[in-house]
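All remarks here apply to the structure that follows.
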Amino acid sequence: MDTVVAALRSALDDQDGTVVLTDPAALDAARTDKSGWTAPGGPVAVVEARTVEHVQAVLRTCSAFGVPVVPRGAGTGLAGGANGTGGSVVLSVARMDRILGVSTQDEYAVVEPGVLNGDLNAAVAEFGLRFAPDPASAAISSVGGNIATNAGGLRCVKYGVTREAVLGLDVVLADGRLVSTGHRTVKGVTGLDLTALLVGSEGTLGVIVGATVRLVPVPVGEPATLAAVYPDVESAAWAAALVVTDVARPSTVELLDAAALEGIAAYLGPQAMTETVGSTAAGGVFLLVEWDGPGAAEAALGAVPGLQRVGGTVRLAGSAAERDRLLTIRRSFHPAMEARGRVLIEDVAVPRSRLAEMFTRIETIGREHGVTIPTVAHAGDGNLHPNFVFDGDEVPQHVWDAADALFRAAIELGGTLTGEHGVGVLKRRWIGDELGDDVLELQRGIRKVFDPTGILNPGKAF
């Protein structure tokens, strides 16, 4: 391994040791992400690439030595997909963080992979544009990471997930070749859609070094936001289905179950909750709905009677400050969970028509395994995030047992193991249950075409 490190330093002309890092702190930091999982062993080096040529040199060197390479961005993943495993070289593109160009006429931006989602939006806001994917981690997650996991977020019910926002990619293959896929036109069907294939591939097919991403106009006017509290999750899920299928499609539909709302109340304080959604929140289920663009206020007002008929106590934000207070409840979910201990944040999705049933299954699984599972859902697209709070550095076995039952329930209901976080390491052993042997064999065959020697992120995804 000393030979590998020396070869990397030579290939990268890293005389002062600022690109190829081997200090224990850097190696240890690269072993973990936001999932709570820490890889056993550890990488032999972390390379902080600054250029495409750096990435090419790393892959050529590691390919020659047969050393595994773990591509990594901001390290905010939730499935262990970019954690540096034993004997690997972690290839970080976090320092490749330039916005290379913006076309306002064609509505796209050309970016390096390390650009943070929030920074890209701040930069293009002056043109009245934005990058639509909005994961909860937008302020700290990179666009490259969003692409690698096909991230979603609160607005994807209206604007779609990351795949719909990527026009083209620059990718370095395992042997160091640089290829470009996609186009900068709205349409383009020449050959197979390798761009769509690479989005969500979790660093197993190549290392993303550049992206052309679609921008959309920032909606005119103020958004209209309302919150409704329901006595049970079935009523709230039915209400969510009503607003999502309405002609005036909302941009955000979020559902917090009773356990989640209880945790947020403990975090924010009873008074804050009462001032925001009223005393009815105690023991209730919280539904947040937002519309944007022309007609947003009319759409929100029009939705109120239907939400009330289903049994909700509805509150319509009358000002920007009140809207922020309602959004604070949703934004406080993960901080509220983290205030209680270590958190395993899960990510399953089911058809919207099975959303209430999945919530019921989660409650049952929690009782059977003796664990409370607070859950938030992007109710507009059936994506649920059950959370497990635990003590200690390792996820306890009874939590994994509950998660196992949860994954199997999602698949049984016609859903998927992951809606937006990716498979990574944490869900790899269940992937065959969803895909089946034949599809899994096809996917592994495609992986071998891109990476014949298997050095890219081995043991991850599929």
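The values are calculated or read from the model by the stated rules, or taken from the named source; none is laboratory data. Since this is a predicted model, take the numbers as computed values, not measurements. Please note: Cβ atoms are built from the backbone with ideal geometry, for glycine as well, and neighbour counts cover all protein chains shown.
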Hits in the range 1-28 - residues which are under 32 Å from the mean Cα position of the chain (by Cα) and exposed (fewer than 15 other Cβ atoms within 10 Å of the Cβ):
18, 23, 24, 25, 28
Could you go through the range 165-178 and let me know if any residue there is under 30 Å from residue 356 (Cα atoms) and either touching a residue at least 12 places away in the same chain (Cβ under 8 Å) or among the aromatic types (Phe, Trp, Tyr) (or both).
yes
Looking only at the range 173-204, filter to residues that are surrounded by fewer than 19 Cβ atoms within 10 Å (Cβ to Cβ) and of a type in the set (Val, Ile, Thr); which one of those is nearest to residue 80 (Cα to Cα)?
179
Any idea which of (1) part of a helix (DSSP H, G or I); (2) touching a helix residue (DSSP H, G or I) at 6+ places or on another chain (Cβ under 7 Å); (3) surrounded by 23 or more Cβ atoms within 10 Å (Cβ to Cβ) is the one residue 236 doesn't satisfy?
(2)
Here the residues within the range 330-376 that are of a type outside the set (Asp, Glu) and in contact with a His (Cβ under 7 Å, 6 or more places away or on another chain) are 345, 369, 370, 371, 375, 376
The range 306-342, residues that are in a helix (DSSP H, G or I), exposed (fewer than 15 other Cβ atoms within 10 Å of the Cβ) and among the aliphatic types (A, V, I, L, M):
320, 321
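Okay, residues lined up against (1) at pLDDT below 95; (2) within 23 Å of residue 355 (Cβ to Cβ):
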position	(1), (2)
234	yes, yes
281	yes, yes
297	no, no
308	no, yes
324	yes, no
328	yes, no
Can you name the condition, by its number, that residue 332 falls short on among (1) small (Gly, Ala, Ser); (2) closer than 27 Å to residue 216 by Cα; (3) assigned by TED's automatic domain parsing to the domain that holds residue 248?
(2)
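One line per residue, one yes/no per condition, for (1) modelled with pLDDT of 95 or more; (2) among the basic types (Lys, Arg):
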{"position": "184", "(1), (2)": "no, yes"}
{"position": "195", "(1), (2)": "yes, no"}
{"position": "199", "(1), (2)": "yes, no"}
{"position": "204", "(1), (2)": "yes, no"}
{"position": "207", "(1), (2)": "yes, no"}
{"position": "212", "(1), (2)": "yes, no"}
{"position": "226", "(1), (2)": "yes, no"}
{"position": "244", "(1), (2)": "no, no"}
{"position": "254", "(1), (2)": "yes, no"}
Subset tally (residues that are assigned to a helix (DSSP H, G or I) and farther than 15 Å from residue 235 by Cβ) for the range 258-289
18
Selection status of residue 382, touching a helix residue (DSSP H, G or I) at 6+ places or on another chain (Cβ under 8 Å), surrounded by 15 or more Cβ atoms within 10 Å (Cβ to Cβ) and either among the polar types (S, T, N, Q) or without any contact (Cβ under 8 Å) to a residue 40 or more places away in the chain (or both):
yes
